[in-house]
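Worksheet: the structure to be examined is printed underneath.
The values are calculated or read from the model by the stated rules, or taken from the named source; none is laboratory data. These numbers were taken from a predicted model, which means no experiment stands behind them. Neighbour counts run over all protein chains shown; Cβ positions are idealised from the backbone, glycine included.
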């Protein structure tokens, strides 16, 4: 498939839908008349050693730990707090933002 662009290919706001439709139909007919080229696929994935170590530790980076288990009761309590709007305060947003910046993820 070859894609070429000319100034005439740009759609102007003053063009009517009929003009756009006829252009699209013309391009579709042209594409249908040409046989599709066979494309060889060669996907490749490389996983770094750091990613392998992270996967081996269950997603925890070195020096980190889980702050307790996430039990169904804890999930229910968090959900209830969200529904009550307990986290919709400037203080909470500030704390979350500071922790995100400190974590180095941003």
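Structure notes:
- Residues (exposed (fewer than 10 other Cβ atoms within 10 Å of the Cβ), under 27 Å from residue 49 (Cα atoms) and at pLDDT below 85) located in the range 59-103: 59, 62, 63, 65, 66, 67
- Here residue 5 meets the list (1) in a loop (DSSP other than H, G, I, E, B); (2) at pLDDT 90 or above almost entirely, failing just condition (2).
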